[in-house]
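The values are calculated or read from the model by the stated rules, or taken from the named source; none is laboratory data. Computed from a predicted structure; not experimentally measured. Because the Cβ atoms are built from the backbone with ideal geometry, glycine has one as well, and the counts that use them run over all protein chains shown.
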């Protein structure tokens, strides 16, 4: 470097940073926020994906779900006006052992929405689900306290419910909710059981925020007699799942009068297909969260450019003197690049520490999962931010002509 050693260049760079500690600290803070945001939001996305995966796996490999393809229902936007929604008759047909020998059971699911209250306390479950008693086994949903309501309750349309742990905690805290009367969507219902906790499936999806009642009661008092939300089916065992899906498809096509080659107004999904779909959605969410966080890192980079341009302007005479006594262009360029990279690396290291620390806590109802890849990527990007955003100010400093720099006031 023309007689100016690398050690000397580092000394000049460090002195440039410490000359204005407040300004340097604010610049580091910008990068710190960007890096920590990338790590935390990526970890939230990973944690959400893991929670969804675990929730789906709990359904069991012999679990099958029949859903409307969007051709029916009050909020349908399908162009197929002849599409038929899922019905109770469909669920009954799927329970026929003569046509579906590999289907162990099928339960209709009708979801309603509303607020539940107990005294002055309230809870808004994500779903008030009306179904049959077979739903609990078909969906692998055991209870922790109390007992299951029965098919007799379905036939009679009794106002009895089993609630999730989130609803139980919201309304009763640590007290027992069993045999207590609560009001859901304006209807008085008796709590006969509490579900075992399934845990949050990420952010806005809480599997424990649910109220389950006989479908006849929900239809009569809450939702009306429209199309079902879905039908939960359980194959006799894991090895017969494929055969059961074929039987379900045949029965549903017959029920809905779907001709060969025509588009069906329903979908039949097993655990693998549900998992594949949710994995794709979760990956998209993670990428989106990381992209949003990366914007703050970009802002941090712009901050580095701004602070380095100010630094170059303030030290114009110093640069002129150094160049006049023989400092080569490469030494000036290296010095300011090192300053920019030091600022970004300090922000990167601090951001990694803060991001990993925050990820030890539950965020948005999700337990974040930090990946080594995201940490390394965030750190490398922070270094590149210093190199890229510090490049222009460094080149500007190195390109100053000594005579013009010495004249600068």
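Report the residue count in the range 224-256 for those that are assigned to a loop (DSSP other than H, G, I, E, B) and within 16 Å of residue 98 (Cα to Cα).
1
Report yes if some residue within the range 149-165 is outside the structural domain of residue 42 (by TED's automatic domain parsing) and within 23 Å of residue 278 (Cα to Cα); otherwise report no.
yes
This table checks each residue for (1) more than 22 Å from residue 210 (Cα to Cα); (2) out of contact with any strand residue (DSSP E or B) (no Cβ under 6 Å at 6 or more places or on another chain); (3) part of a loop (DSSP other than H, G, I, E, B); (4) without any contact (Cβ under 8 Å) to a residue 60 or more places away in the chain.
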{"site": "84", "(1), (2), (3), (4)": "yes, yes, yes, no"}
{"site": "92", "(1), (2), (3), (4)": "yes, yes, no, yes"}
{"site": "100", "(1), (2), (3), (4)": "yes, yes, yes, no"}
{"site": "106", "(1), (2), (3), (4)": "no, no, no, no"}
{"site": "109", "(1), (2), (3), (4)": "no, no, no, no"}
{"site": "122", "(1), (2), (3), (4)": "no, yes, no, yes"}
{"site": "130", "(1), (2), (3), (4)": "no, no, no, no"}
{"site": "140", "(1), (2), (3), (4)": "no, yes, yes, no"}
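Among residues belonging to the range 282-317 that are surrounded by 15 or more Cβ atoms within 10 Å (Cβ to Cβ) and more than 47 Å from the chain's Cα centre (by Cα), point out the one that is modelled with the highest pLDDT.
Applying the filter and picking the extreme gives 316.
Taking the options 303, 326, 320, name whichever one is out of contact with any strand residue (DSSP E or B) (no Cβ under 7 Å at 6 or more places or on another chain) and under 17 Å from residue 29 (Cβ atoms).
Exactly one of 303, 326, 320 is out of contact with any strand residue (DSSP E or B) (no Cβ under 7 Å at 6 or more places or on another chain) and under 17 Å from residue 29 (Cβ atoms), namely 303.
Tell me which of these residue 368 doesn't satisfy, since it passes every other one: (1) assigned to a helix (DSSP H, G or I); (2) surrounded by 19 or more Cβ atoms within 10 Å (Cβ to Cβ); (3) at pLDDT 85 or above.
Only one criterion in (1) assigned to a helix (DSSP H, G or I); (2) surrounded by 19 or more Cβ atoms within 10 Å (Cβ to Cβ); (3) at pLDDT 85 or above is unmet by residue 368, namely (1).
Among the numbered conditions (1) farther than 18 Å from residue 270 by Cα; (2) modelled with pLDDT under 95; (3) in a loop (DSSP other than H, G, I, E, B), tell me where residue 50 comes up short.
It fails just one condition, (3).
Does residue 292 satisfy the criteria of being out of contact with any strand residue (DSSP E or B) (no Cβ under 9 Å at 6 or more places or on another chain) and closer than 27 Å to residue 338 by Cβ?
Details: out of contact with any strand residue (DSSP E or B) (no Cβ under 9 Å at 6 or more places or on another chain): yes; closer than 27 Å to residue 338 by Cβ: no.
So residue 292 fails the test.
Which number in (1) more than 30 Å from residue 84 (Cα to Cα); (2) out of contact with any strand residue (DSSP E or B) (no Cβ under 8 Å at 6 or more places or on another chain); (3) surrounded by 18 or more Cβ atoms within 10 Å (Cβ to Cβ) marks the one condition that residue 189 misses?
(2)
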